[in-house]
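Colleague: Dropping a structure here in structure tokens format, bear with me for questions.
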Amino acid sequence: MEDPTPPARLFLIGSAASEAMSPRVWNPVLRRLGIPWAYEAWDVPPQGGMDRVRNRLREPDIIAANVTMPHKHWAAEAADEATEEVRLSGACNMLLRKGTALFGHNTDVTAVRALLGSGPQRHALLLGAGGAARAALIALRGQAGTVTITDRDPRATEELSSLAGEFGMDARSVGWEQAPGLAAEASLIVNATPIGKGRSDRPVWGEGPLAADALVYDFVYAGHVTGTIARARELGARVVDGWDHLREQAVAMVPLLGLGGRANSLLAETLEQLRDAH
């Protein structure tokens, strides 16, 4: 039996969801597609009554919810069904309602794969060990020779390093203070922390050199060029910034939401306008 109320809402759930760009990306696209859906930010604090959130997402007016910090692990556990990427990583950034069930996806993984391509990485340095870092690790599965992982939380570092070991990677965990000295060895540096949101934030690895073949992948998008991206460009490194990731993550949602191919070009156009405005 079909839901009596047609779906009408998408949410972004996170502790600072109202500061995120997603509603400003999606609502213009939905209007131009002629789809009467609304994309809304829902600020949910770290200990924000998650049973209530889950029950709300199962109601018939909900299409889906994107999930951001710090709730990606919760979303993976809240999903009634989930993709392999969610099961492997323990992180979910999209809950899609099907009837009264929630299906978990990780479009961050899809975005990282699209932006990195299929080439091998001899040494990946992951700065951060939360949901974004887990997405990067899944995307690198089978492609990275050595993976070095660090986070300000030693327990998170060890958990992600253990997962990398389960994938058969040569995984190393190091203290946060040690990471800057390893940047010059890495072919891939991933910033999976909030460092860069502030205009005065320094590069995530410090001011040291990078390898000649380095690619810097920064998950942070902001109304300015982050210190990480600015320094990487100064050093001649290839870069993928947070706006690139935001675009590909949104594109990965298009088929899941049943939207047509025109949505891809509209998303790219809207993001470009937002980026120029900043």
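The values are calculated or read from the model by the stated rules, or taken from the named source; none is laboratory data. These figures come from a predicted structure and were not determined experimentally. No Cβ is skipped: glycine too gets one built from the backbone with ideal geometry, and neighbour counts run over all protein chains shown. Side chains are part of the model used for accessible areas, which takes the heavy atoms of the whole protein and leaves out ligands, DNA and RNA. Shrake-Rupley method; radii C 1.70, N 1.55, O 1.52, S 1.80 Å.
Colleague: Can you give the charge dipole size of the chain about its Cα centre, rounded to the nearest 20 debye, using +1 on the beta carbon of Lys and Arg and -1 on the beta carbon of Asp and Glu?
Modeller: Around 400 debye, computed over the chain.
Colleague: How would you classify the range 186-253 from its alpha-carbon gyration tensor, with a ≥ b ≥ c the square roots of the eigenvalues: rounded for a/c under 1.5, else prolate if a/b is greater than b/c, otherwise oblate?
Modeller: Oblate, because a/c is 1.5 or more while a/b does not exceed b/c.
Colleague: Continuing with this model, one more query. Using only Cα atoms, tell me the angle between helix 131-140 and the longest principal axis of the chain; keep it within 0 to 90° and round to the nearest 10.
Modeller: Taking the Cα atoms of the chain, the angle to 131-140 is about 70 degrees.
Colleague: In the range 102-180, with Lys and Arg counted as +1 and Asp and Glu as -1 at Cβ, which of these residues, ASN106, ALA156, LEU127, has the Cα nearest the positive end of the dipole, that is, farthest along it?
Modeller: Working it through, the farthest residue towards the positive pole turns out to be ASN106.
Colleague: Just the number, please: percent antiparallel of the DSSP beta bridges in the chain, rounded to the nearest 5.
Modeller: 20 percent
Colleague: Now, a different point. Give the accessible area for LYS197 in Å² (nearest 10); use a 1.4 Å probe, count only protein heavy atoms, and leave out ligands, DNA and RNA.
Modeller: Only protein atoms counted, so the area is about 110 Å².
Colleague: Next question. Which label marks the calculated value of Cα extents along the principal axes in Å, given the options (1) 55, 47, 32; (2) 58, 40, 33; (3) 50, 43, 40?
Modeller: From the options (1) 55, 47, 32; (2) 58, 40, 33; (3) 50, 43, 40, the structure gives (2).
Colleague: In the chain, with Lys and Arg counted as +1 and Asp and Glu as -1 at Cβ, which of these residues, ASN55, ALA214, PRO36, has the Cα nearest the positive end of the dipole, that is, farthest along it?
Modeller: Positive-most Cα among the choices belongs to PRO36.
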